[in-house]
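Colleague: If you scroll down you'll find the structure; I have some questions about it.
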Amino acid sequence: MATHATSQRQADKVPQLHAGDRLTREEFERRYEAMPDVKKAELVEGVVYMPSPVSAEDHGEPHFDFITLLGIYRAHTPGIRGGDNSTLRLDLDNMPQPDAYLRIESECGGSTRMVEGFIEGGPEFVVEVAASSASYDLHDKLNAYRRNGVQEYVVWRVWDRQIDWFELSHERYKPLAADEQGVYRSRVLPGLWLDAAAVIDGNLPHAISVLQQGIDSDEHREFVQRL
């Protein structure tokens, strides 16, 4: 028979996370906090995802370039905050860790708030860097972001050399079309202009030049005044 001390130790032991586990957000958070060696785990539609290590070519460098552009926009737009691989508390079944996001501060009318160091609610703008259209970024995670009010969701499919830009309309995501020059112009964050071809080709100087045009535009100045 186990002693009381042994029974107590077993009761206090926190189970490890495993890919495919079906958990509540509360239980996912409890197990994740007990595994400080794990760098990335996500709860999407109640299912645990633990991505494998990613390569520089397929993820690390594209991710870095996109973060650079979002950081420049954030620097010129007071009232906007951004993050990289920060866990979001969306709802009871979803706690993703997006590659990047931009959000309007709650004091400026944004839809998120900071609670216990975590962001609660869906940021206005979320980016994921994916390998291909088979990724869960374009399936279960897309549905989770849609239901939680992420206004614009961008998926860069690196292998496919394609950027998918979705905007929320009547509780559904629809593609946001680029202009004749192949430039995406955000509606929720005016002045956030991204040249798709330049981003995909790694032509960061040109992508920054196009972004700067958006930052210098009247629509961006008016947006900053409203924040």
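The values are calculated or read from the model by the stated rules, or taken from the named source; none is laboratory data. Computed from a prediction, not measured in an experiment: that's the story for all the values here. Cβ placement follows ideal geometry from the backbone for every residue including glycine, while neighbour counts extend to all protein chains displayed. Ligands, DNA and RNA are excluded from the accessible area calculation, which covers all protein heavy atoms including side chains. Shrake-Rupley method; radii C 1.70, N 1.55, O 1.52, S 1.80 Å.
Colleague: Could you give each residue of the range 65-79 its phi-based ³J(HN,Hα) in whole Hz, using Karplus coefficients 6.51, -1.76, 1.60 with θ = phi - 60°, and x for Gly or Pro?
Modeller: With the stated coefficients, the range 65-79 comes to 5, 5, 4, 4, 5, 5, x, 5, 4, 4, 5, 9, 9, x, x Hz.
Colleague: Sorting check: for 178-184, 139-145, which peptide has the highest mean count of neighbouring beta carbons within 10 Å, and how do the rest follow?
Modeller: Descending packing order for the listed peptides: 139-145, 178-184.
Colleague: At what distance in nm do the modelled label points of Ala197 and Leu92 sit from each other, each positioned 7 Å from its Cα along Cα→Cβ?
Modeller: Roughly 5.0 nm, to one decimal.
Colleague: Then there is this: Relative contact order (percent) for the chain, with alpha-carbon contacts under 8 angstrom and 6 or more residues of separation?
Modeller: 14
Colleague: Right, something else. Can you compute 3J(HN,Hα) from phi for each residue in the range 37-50, using the Karplus curve 6.51 cos²θ - 1.76 cosθ + 1.60 with θ = phi - 60°, rounded to whole Hz and x for Gly and Pro?
Modeller: 6, 7, 8, 8, 8, 9, 10, 10, 6, x, 10, 7, 10, 10
Colleague: Ignoring ligands, DNA and RNA, what percent of the accessible area of the range 1-120 is carbon or sulfur (1.4 Å)?
Modeller: C and S fraction of accessible area: 51 percent.
Colleague: Hey, another quick one. Rank Pro51, Pro190, Pro78 by mean-square fluctuation in a GNM of the chain with C-alpha springs under 10 angstrom and give only the top-ranked residue.
Modeller: Answer for the Gaussian network model of the chain: Pro51.
Colleague: Further question on the same structure: Note down the net charge around Arg25, summing +1 for each Lys or Arg and -1 for each Asp or Glu among other residues with Cβ under 12 Å from its Cβ.
Modeller: So the surrounding residues net to -4.
Colleague: Sum up the charges of everything whose Cβ sits under 15 Å from the Cβ of Gln181, counting Lys and Arg as +1 and Asp and Glu as -1, but leave Gln181 out.
Modeller: Taking every Cβ under 15 Å from that of Gln181, the sum is -3.
Colleague: Next question, about the same structure. Under the Karplus relation 6.51 cos²θ - 1.76 cosθ + 1.60, θ = phi - 60°, what is the ordered set of whole-Hz ³J(HN,Hα) values for the range 140-157, x standing for Gly and Pro?
Modeller: After applying 6.51 cos²θ - 1.76 cosθ + 1.60, I find 4, 5, 4, 5, 5, 5, 4, 5, 9, x, 5, 6, 9, 10, 10, 10, 9, 8 Hz.
Colleague: Next question. Applying 1/(1 + (r/R0)^6) with R0 = 22 Å to the Cβ-Cβ distance of Ile72 and Glu105, what FRET efficiency is obtained, to the nearest 0.05?
Modeller: So, using R0 = 22 Å, E works out to roughly 0.75.
Colleague: Can I ask one more? Normalising by the residue count of the range 9-96, find the relative contact order in percent from Cα pairs under 8 Å and 6+ residues apart. Spell out each step's value before the answer.
Modeller: On the way: 90 pairs, mean separation 28.4, N = 88.
Reported as a whole number, the value is 32 percent.
Colleague: Could you name the lysines whose alpha carbon sits less than 25 Å from that of Lys141, not counting residues in the same chain fewer than 8 places away?
Modeller: Excluding near neighbours in sequence, the set is Lys39, Lys40, Lys174.
Colleague: At a temperature of 4 °C and a viscosity of 1.567 mPa s, determine how fast the range 119-227 diffuses translationally according to Stokes-Einstein, using the Kirkwood radius over alpha-carbon pairs as Rh; express D in µm²/s, rounded to the nearest whole number.
Modeller: The diffusion coefficient I find is 89 µm²/s.
Colleague: Could you give the accessible area per residue of the chain, probe 1.4 Å, as a whole number in Å²?
Modeller: 52
Colleague: For Arg172, what is the net charge nearby, where nearby means another residue's Cβ is under 12 Å from its Cβ and Lys, Arg count +1, Asp, Glu -1?
Modeller: Net charge around Arg172: +1.
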